[in-house]
Amino acid sequence: MGTFLSLSDLAVNGKKVLMRVDFNVPLTDEGSIADDTRIRASLPSIRYLLDNGASVILMSHLGRPRGKRVDKLSLAPCARHLELLLQRPVTFASNCVGDAVEVLAAQLPSQGLLLLENVRFHGAEEHPEQDPQFACKLARLGDCYVNDAFATAHRAHASTALIAQYFPGNAAAGLLMEKEIHFLGTLLHAPSRPFCALIGGAKISTKIGVLNTLLDKVDKLLIGGGPWHIP
């Protein structure tokens with residue numbers, strides 16, 4: 001599975017840590033969070049960083065706004081919910097890049113928390129070639145980078161892949177990411193037999209590579225979830 005740095009490898013005391021999380025949570029029609037599982041999954045990494053003296057700047061996507069601001073896909077409800085879960089203030093930025101955001105990041109106190117607005121409000125998040133500077137602007141906000149968004153780690157997006165190049169020696173996997181990597185490594189290289197894999201989801205185009213890899217490793221492959229139309 002390759003080597004990577006863990007949170008414990010980073011000297012985070014007194015540093016601003018820019019962390020990619022997955023707050024892509026389902027919302028009700030009223031705009032409240034219907035299921036906070038993904039937010040709760042990020043808490044161990046957030047608490048680790050805060051307990052070790054870091055200030056934490058969180059970034060995530062929510063839904064598919066396709067490069068435009070869509071009010072109903074704002075991460076503001078996630079900021080409010082995170083406050084309740086952690087029982088501490090969470091500052092919310094109305095954008096994820098720009099002068100105002102850089103001021104908020106610079107003024108963030110030790111062990112402070114800042115959640116940036118939906119990175120997919122910018123087209124360059126999903127299509128970095130549209131603005132190669134977008135990842136650089138995000139990177140300016142932190143001293144270290146942590147990726148704890150396992151569900152989006154396969155995408156070559158600005159905040160999940162390109163940004164790491166701006167933190168040589170200071171980019172690490174979060175606790176959730178590390179757990180999933182170790183679990184998959186054991187599963188794919190030394191699984192118990194019989195080995196059955198269940199793959200779900202609505203977008204088959206994003207699963208083809210995974211399916212092809214699994215075919216040579218599993219005894220049975222089950223496909224379910226969203227609307228799969230396979231001829």
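Quick notes on this structure:
- Only helical runs count toward this figure. For the chain, summing -39,500 (n - 2.57) over DSSP H runs of n ≥ 4 and dividing by all residues gives -8500 deg cm²/dmol at 222 nm.
- The chain: antiparallel DSSP beta bridges as a percent of all, rounded to 5: 5
- Using R0 = 41 Å, the C-beta based FRET efficiency linking Q87 and F4 works out to 0.85.
- To the nearest ten degrees, helix 76-86 and the longest principal axis of the Cα atoms of the chain are 90 degrees apart.
- Across the range 5-13, rounded Karplus estimates of 3J(HN,Hα) from the backbone phi angles (6.51 cos²θ - 1.76 cosθ + 1.60, θ = phi - 60°) give 7, 9, 4, 5, 7, 9, 8, 9, 4 Hz, Gly and Pro being marked x.
Only the coordinates and a few stated rules stand behind these numbers; no lab work does. Bear in mind the structure is a predicted one, so any value in this text is a computation, not a measurement. As a convention, Cβ positions derive from the backbone with ideal geometry for all residues, glycine included, and neighbour counts pool all protein chains shown.
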